[in-house]
1. Could you tell me how many of the residues in the stretch 21-58 are under 16 Å from PRO152 (Cβ atoms) and outside any loop (DSSP other than H, G, I, E, B)?
2. Just to check your reading of the model, which residue among GLU154, GLU144 is crowded, with 21+ Cβ neighbours inside 10 Å, under 21 Å from VAL41 (Cα atoms) and under 14 Å from the mean Cα position of the chain (by Cα)?
3. So which of ILE45, ILE102 ends up being among the hydrophobic types (A, V, I, L, M, F, W, C), in contact with a Pro (Cβ under 7 Å, 6 or more places away or on another chain) and surrounded by fewer than 22 Cβ atoms within 10 Å (Cβ to Cβ)?
4. Among the residues that make up the stretch 186-195, is at least one of them under 23 Å from PRO103 (Cβ atoms), modelled with pLDDT of 95 or more and crowded, with 19+ Cβ neighbours inside 10 Å?
5. Using the structure shown, decide if VAL145 is β-branched (Val, Ile, Thr) and in contact with a helix residue (DSSP H, G or I) (Cβ under 7 Å, 6 or more places away or on another chain).
6. Out of VAL226, VAL133, I need the residue that is aliphatic (A, V, I, L, M), more than 29 Å from VAL66 (Cα to Cα) and touching a residue at least 12 places away in the same chain (Cβ under 8 Å). Which one?
7. Residue by residue through the stretch 155-170, note down the ones that are within 25 Å of PHE25 (Cα to Cα) and either touching a residue at least 40 places away in the same chain (Cβ under 8 Å) or part of a loop (DSSP other than H, G, I, E, B) (or both).
8. Out of all the residues in the stretch 207-221, is one or more part of a helix (DSSP H, G or I) and closer than 19 Å to GLY101 by Cα?
Amino acid sequence: MNDIRETPENARPPRVVFIGLASCFGCQINITNIEAHLLEVLGQIDLGYWQLTSSKPMPEEFDVAVIEGAVTTAEAEATVREAREKAKTVITIGACANTAGIPGMASVDFPAQLAVVYGDAAPDACGTLQAPVPVKDVIAVDFEVPCCPIDPYEFVRVLDSALYGSNYLPATSALCGECSRNERGCLYAQGQMCLGLVTRSGCGAKCPALGRACNGCAGLSPDANVASARYFAGKKGIDPERFDEALGMFNTVSLTAEGKE
């Protein structure tokens, strides 16, 4: 990552582009939901390209590339490589960009998955399809905003870090610690399967706090022990295959890469 902050002599708003790949665009839409602060955020940047707001082409020069979505085609791979060459900073937002998310479920035995959906050949409009991967598997990424969809205020914090610098370090521990601090109790005690055992913390355990089990959308914690989590779930009466299936919804690519599937 290069320093995008300008000196007073050549100060100008950083030019930011939003790139959408294989996703539902829900994370980008969620950013627009912070109406009370959106104009203030936009007032600090030069929004050079955003498919949700304009059909004009991406500019040749920009400082920050914000990418949502998994890389699922050769064309998408070329797009993110070009973005990395031009941008001083790359931010990925949402599970699809960070872990390949739900598109990543097709990464295992990809030719067979492709045949199930498209038969002998995919339409030309699909482009040159390839096994889905997260953006970080193609290029270096400077900042990640996790979850599905993202918390728009977390996006603002990360964008602020990219623009002005920060000593903030991303969380690495598993989500269970946040549940303990919230003093809500463990959902396994209520007979619910929860993926907080292996999911990266940092979201505040919003879902468990509302009585909903974690679905792993923030990605695997670097400290995750999937085998132990699977064993624990089994001891609590959860079929390990059910645990694996649930974990694969957002983390198939990560599990395969680390040999934890």
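1. Matching residues across the stretch 21-58 total 16.
2. Among GLU154, GLU144, only GLU144 is crowded, with 21+ Cβ neighbours inside 10 Å, under 21 Å from VAL41 (Cα atoms) and under 14 Å from the mean Cα position of the chain (by Cα).
3. ILE45
4. yes
5. Spelling it out, VAL145 is indeed β-branched (Val, Ile, Thr) and in contact with a helix residue (DSSP H, G or I) (Cβ under 7 Å, 6 or more places away or on another chain).
6. Just one listed residue meets the conditions, VAL226.
7. Hits for the stretch 155-170 are PHE155, VAL156, VAL158, LEU159, ALA162, LEU163, PRO170.
8. Checking the stretch 207-221: at least one residue is part of a helix (DSSP H, G or I) and closer than 19 Å to GLY101 by Cα.
The values are calculated or read from the model by the stated rules, or taken from the named source; none is laboratory data. Please read all numbers here as calculations on a predicted model, not as lab measurements. Quick reminder, even Gly has a Cβ in these numbers, built from the backbone with ideal geometry, and neighbours come from all protein chains shown.
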